[in-house]
1. Given the convex hull over the Cα atoms of segment 131-229, what projected area results after averaging over all orientations, in nm²?
2. Once a ≥ b ≥ c are taken as the square roots of the eigenvalues of the Cα gyration tensor of segment 30-94, is the result rounded (a/c under 1.5), prolate (a/b larger than b/c) or oblate (a/b not larger than b/c)?
3. Magnitude of the Cβ-charge dipole of the chain, K/R +1 and D/E -1, about the Cα centre, nearest 20 debye?
4. Would you kindly state how much longer the chain becomes between Ser89 and Arg206 on full extension, computed as 0.36 nm times their sequence separation minus their alpha carbon distance, in nm to one decimal?
5. Could you give the distance between the Cα centres of segment 348-367 and segment 212-289, to the whole Å?
6. Counting only other residues whose beta carbon sits under 11 Å from that of Thr45, what net charge do I get with K and R as +1, D and E as -1?
7. Excluding same-chain pairs closer than 8 in sequence, count the lysine pairs in segment 1-158 whose Cα atoms lie under 23 Å apart.
8. If you project the alpha carbons of the chain onto their three principal axes, what span does each projection cover, largest first, in Å?
Amino acid sequence: MQFTIQREALLKPLQLVAGVVERRQTLPVLSNVLLVVDGSTLSMTGTDLEVELVGRINLEEPAEAGEITVPARKLMDICKSLPDDVALSFKVEDNKAIIKAGRSRFTLATLPASDFPNVEDGPGSLSFAINQNKLRRLIERTSFAMAQQDVRYYLNGMLLEINKGQLRAVATDGHRMAMCTQDANIDYQERYQLIVPRKGILELARLLGEADDLVNIVLGTHHIRATTGDFTFTSKLVDGKFPDYERVLPRGGDKIVVAERQVLRNAFSRTAILSNEKYRGIRLMLSDALLKIQANNPEQEEAEEDIAVEYTGSALEIGFNVSYLLDVMNVLGSDQVKMILSDANSSALVQEAESDDSVYVVMPMRL
């Protein structure tokens, strides 16, 4: 096996593929990346048995076919440390990988390609194509609300739902929920749900570009596969039942606040400085056209901020974890944001003033 490639052409795909590889592994081969030369294509595969990523690069110079696995982190560090415009030559001799670039020469240990595991992927039951920027937006608008290491393992991921041609993403950690819906022209009329694990969602988001290029999605009973021009991403699914998110959506809130998103975000950031570091609680007090935000902490320090808002409804005092409100302000894109409230013990519904494709539910706090 032998090939020559420019450092630039190798580095970016290698960084994405190596990102899937876990640092601490039970199987030595799992800290390796699989390199395969077939014709004029070099493909690189990284996996942790849950998520697999394959990157493909066209080789411009003649190459000798073959396959081998080499340590992912070391190969990436070697590439990073070389000068920008250098060409790398890679060949395998006596079960060692020899990499030459300019005056540098590296010899890496290898493991046979036959040891490299394959993420199982049965037949797909549903496939569709969607613009990369649409899928990326769905993930960016909701992924912050995924749980981390929750015992309710089905919350450590994101629900993707197909229903009546739309694709919806829902994430919750039990204290707040994020939901975003996009028209995707998917020719499937029934409701289809699956839970993609947290790591799979974060790796998929790294692959997706801002452009209108299509990404092809195949959904199977135990896996999801996404294919772009240069990459094939496969992730196992979380086997569990996601909570009925529609029951969580607050209904019938009669108190509506409309405010400038940036003004609100800055005010939350400032008051958060003096909130209790552990509980992060702030108090919102609403009366005619005025929102008063207060925070205090065990050291008897206080912050207070007054903001002019559009508000109709009776006076209301309600507490929230300020981090949850800030997370929402950071992902919304519009100038104005709308909060719908009913009373001090009910969750708030937050969305953009002009659009309801992204909806956020934040539970209140007792202060």
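1. Working: hull surface 24.7 nm².
About 6.2 nm², averaged over all directions.
2. Here segment 30-94 falls in the oblate category.
3. Details: 40 positive and 52 negative charges, 160 e Å.
Around 760 debye, computed over the chain.
4. That pair, Ser89 and Arg206, stretches by 39.3 nm at full extension.
5. 9 Å
6. Neighbourhood net charge equals -1.
7. Value for segment 1-158: 12.
8. If we take the Cα atoms of the chain, the spans are 79, 51, 36 Å.
Readers should treat all values here as calculations from the given coordinates under stated rules, not as data from a laboratory. Computed from a predicted structure; not experimentally measured. Glycine gets a Cβ as well: all are built from the backbone with ideal geometry, and neighbour counts include every protein chain shown.
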